[in-house]
1. So GLN157 passes all but one of these: (1) closer than 30 Å to ASP70 by Cα; (2) assigned to a loop (DSSP other than H, G, I, E, B); (3) modelled with pLDDT of 95 or more. Which condition number does it fail?
2. Would you pick out the residues in the range 86-110 that are over 17 Å from SER3 (Cβ atoms) and touching a helix residue (DSSP H, G or I) at 6+ places or on another chain (Cβ under 7 Å)?
3. Test of understanding: among MET7, MET15, which residue is crowded, with 16+ Cβ neighbours inside 10 Å, of a type outside the set (Gly, Ala, Ser) and either outside any strand (DSSP E or B) or at pLDDT 80 or above (or both)?
4. Can you tell me which residue among GLY42, GLY64, GLY71 is more than 30 Å from PHE194 (Cα to Cα) and at pLDDT below 50?
5. Could you say which residue among SER34, SER47, SER24, SER2 is open to solvent by 60 Å² or more (accessible area, probe 1.4 Å) and modelled with pLDDT under 80?
6. For the range 80-132, give me each residue that is among the charged types (D, E, K, R) and without any contact (Cβ under 8 Å) to a residue 24 or more places away in the chain.
7. Take the range 170-202 and flag every residue that is in a strand (DSSP E or B), in contact with a Ser or Thr (Cβ under 7 Å, 6 or more places away or on another chain) and either within 16 Å of ASN95 (Cα to Cα) or free of Cβ contacts under 8 Å to residues at least 60 places away in the same chain (or both).
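The values are calculated or read from the model by the stated rules, or taken from the named source; none is laboratory data. Everything numeric here is computed off the predicted structure, so don't read it as measured data. Positions of Cβ are backbone-derived with ideal geometry, glycine not excepted, and every protein chain shown enters the neighbour counts. Side chains included, ligands, DNA and RNA excluded: accessible areas come from the protein's heavy atoms. Shrake-Rupley method; radii C 1.70, N 1.55, O 1.52, S 1.80 Å.
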Amino acid sequence: FSSCLVMRLDHATIMLDCGLEHASMLSFLPNTHSSRKDGVNGHMTSSPIGNKKESGPMPFKQIGPHVFIDGAVSHHTADLNMVDLATVDIIVISNFYNMLALPYITEYSSFRGKIYATEPTLQIGWHYLNELASYHSNPAPTAEIDWRSLLGHISSQGQGPAPHQWRQCYRPRDVESCVSKITSVSFREGITIFGKTRMTAYSSGYCVGSANWVFQTHR
């Protein structure tokens, strides 16, 4: 699963990265940004598992042995209910791949702390977030029947964690609000937390702007 860790250091609660798991996308039909036609992209009128009849268009399409959800794509994030996000003081981002779930935290939770990333991570991550949000800004038509009520049809697909944990993508305006809350830092620029802990970003060499964060405590 994509990186997302929470640690307690002295009097500070720190979240390390907040990545997004993309495996859930493999359970959805591609979003073509155009009206779907009967046939290749048409809604099914019966259940793909067995022949149980349902009223209205079904939210699934079967292609060969595989069953896909015919609706707006949802993503799997870390279980953000495992920690009270209001108690998280700081989020540090190691690279732009590991910030794709950040808008879920800044815009849809009680988190009110500070966020730090290097300038390249901030700028490239902003483009990644915008691309993802824009791709889903014109979602596929949603069937009359909620696919979440029929989880048994896709729970055995092997495409990532349980579907009930998936969330629809954030909006472009969420991205702008989220990015505005990130403080950019330079490599080797020390930041003191609550007067006791000092954190510094060092170049990791993983990708442009990626950092290894070093925390030093003074006792």
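1. Every listed condition holds for GLN157 apart from (3).
2. THR106, GLU107, SER109, SER110
3. MET15
4. It is GLY42.
5. Only one candidate qualifies: SER34.
6. Within the range 80-132, just GLU131 meets the criteria.
7. SER184, VAL185, ARG198, ALA201 - these are the residues of the range 170-202 that are in a strand (DSSP E or B), in contact with a Ser or Thr (Cβ under 7 Å, 6 or more places away or on another chain) and either within 16 Å of ASN95 (Cα to Cα) or free of Cβ contacts under 8 Å to residues at least 60 places away in the same chain (or both).
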